[in-house]
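The values are calculated or read from the model by the stated rules, or taken from the named source; none is laboratory data. Everything numeric in this text was worked out from a predicted model, so none of it was measured. Note that each Cβ is placed from the backbone with ideal geometry, even for glycine, and that neighbours are counted across all protein chains shown. Surface accessibility is based on the protein's heavy atoms, side chains included, excluding ligands, DNA and RNA. Shrake-Rupley method; radii C 1.70, N 1.55, O 1.52, S 1.80 Å.
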Amino acid sequence: MASVVLSEAEKLYIIHGVQEDLRVDGRGCEDYRCAEVETDVVSNTSGSARVKLGHTDILVGVKAEMGTPKLEKPDEGYLEFFVDCSANATPEFEGRGGEELGTEIASTLYRIFSSEGSVDLKSLCINPREHCWVLYVDVLLLECGGNLFDAISIAVKAALFNTRIPKVRVLEDEEGSKEIELSDDPYDCIRLNVDDVPCIVTLNKIGYRHVVDATLQEEACCLASLLIAITSKGALTCMKKIGKGSLDPESIFEMMETGKKVGKSLHASLQKVLDEEESLGTTRQKVGFLG
């Protein structure tokens, strides 16, 4: 993961500020930076989204392709995640430097979406045991400015909200062989219900307090972090500790409560933006780097 080098004086300044609930950029401990969310930014995908959170820039594309259901779940489709860390994001990602981080992010996304009910996978099934939709979710990390996991989870949810899957019909002839017919109408498609798709809230322990949406400088002062996956109803579906430091049970409980509160607010704000953008239709102005 990208990191910055801070002097002891700089670290002390950040830590003391956090204890007073005043961060370097003026935010409180439970405040997010202003986020830019834009959907439908890549034309040759089934759905896409770009999220800019501070100096963290994420692009996500979702491609729906027909595949064969997994043996253990013959009546469901499934998701595949691929994460690419661009060498332009930070010099540390040059060569194969970003592979380890990409693998860690992908495994975290798999773990989150493996929870029951996050996405209705049965709606992706076309013909049990034979055909289903496979959603390939490609995450591209363009710029790294701290709080990667939260920004990626926001972008993935926005891209899934934007995803349109063509409607298909299974036709059976007199001999019993089946054919799949795709609808010619581009507007005749199914949409995913993303109400229960969780967002990640990362809580970083700095001194005796914890902060959300940490910058690179704040991450350099943090020894341990807690990743919490929260649904729009405030339900906790997944939890993971990262970092070399330790967390005592009382701190973990406090961080979980903060995560639930902040996560519900994050979901509400994101859904409001997505609904507003959806209501504009084709008249909306593209404001991102692809506009």
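Restricting attention to the range 88-125, the residues that are open to solvent by 40 Å² or more (accessible area, probe 1.4 Å), over 25 Å from His55 (Cα atoms) and assigned to a helix (DSSP H, G or I) add up to 4. Is there a residue being in contact (Cβ under 8 Å) with a residue 60 or more places away in the chain, aliphatic (A, V, I, L, M) and farther than 19 Å from Gly67 by Cα anywhere in the range 112-127? Yes: the range 112-127 contains one or more residues that are in contact (Cβ under 8 Å) with a residue 60 or more places away in the chain, aliphatic (A, V, I, L, M) and farther than 19 Å from Gly67 by Cα.
The set of residues in the range 15-37 being open to solvent by less than 20 Å² (accessible area, probe 1.4 Å) and in contact with a Ser or Thr (Cβ under 9 Å, 6 or more places away or on another chain) consists of Arg23, Cys29.
Name every residue in the range 174-228 that is among the β-branched types (Val, Ile, Thr) and within 26 Å of Ala35 (Cβ to Cβ), in order of residue number.
Across the range 174-228, the qualifying residues are Val194, Val197, Ile200, Val201, Thr202, Ile206, Val211, Val212, Thr215, Ile228.
Among the residues of the range 38-65, those identified as open to solvent by less than 10 Å² (accessible area, probe 1.4 Å) and either among the small types (Gly, Ala, Ser) or outside any strand (DSSP E or B) (or both) are Gly47, Ser48, Ala49. Inside the range 66-87, residues that are surrounded by fewer than 20 Cβ atoms within 10 Å (Cβ to Cβ) and not in a loop (DSSP other than H, G, I, E, B) make up a count of 6. Taking the conditions exactly as written (surrounded by fewer than 16 Cβ atoms within 10 Å (Cβ to Cβ) and closer than 21 Å to Leu140 by Cα), does Ser7 satisfy them or not? No. Filtering the range 222-272 to residues that are in contact (Cβ under 8 Å) with a residue 24 or more places away in the chain, basic (Lys, Arg) and closer than 16 Å to Asn204 by Cα leaves Lys240, Lys260, Lys261.
For the condition of a type outside the set (A, V, I, L, M), in contact (Cβ under 8 Å) with a residue 12 or more places away in the chain and open to solvent by less than 10 Å² (accessible area, probe 1.4 Å), Cys132 qualifies. In the condition set (1) farther than 30 Å from Tyr187 by Cβ; (2) free of Cβ contacts under 8 Å to residues at least 24 places away in the same chain; (3) among the hydroxyl-bearing types (Ser, Thr, Tyr), Ser43 is compliant with all but (1).
Of the residues making up the range 191-221, those that are open to solvent by 10 Å² or more (accessible area, probe 1.4 Å), touching a Ser or Thr at 6+ places or on another chain (Cβ under 7 Å), touching a residue at least 40 places away in the same chain (Cβ under 8 Å) and under 21 Å from Leu79 (Cβ atoms) are Leu192, Asp196.
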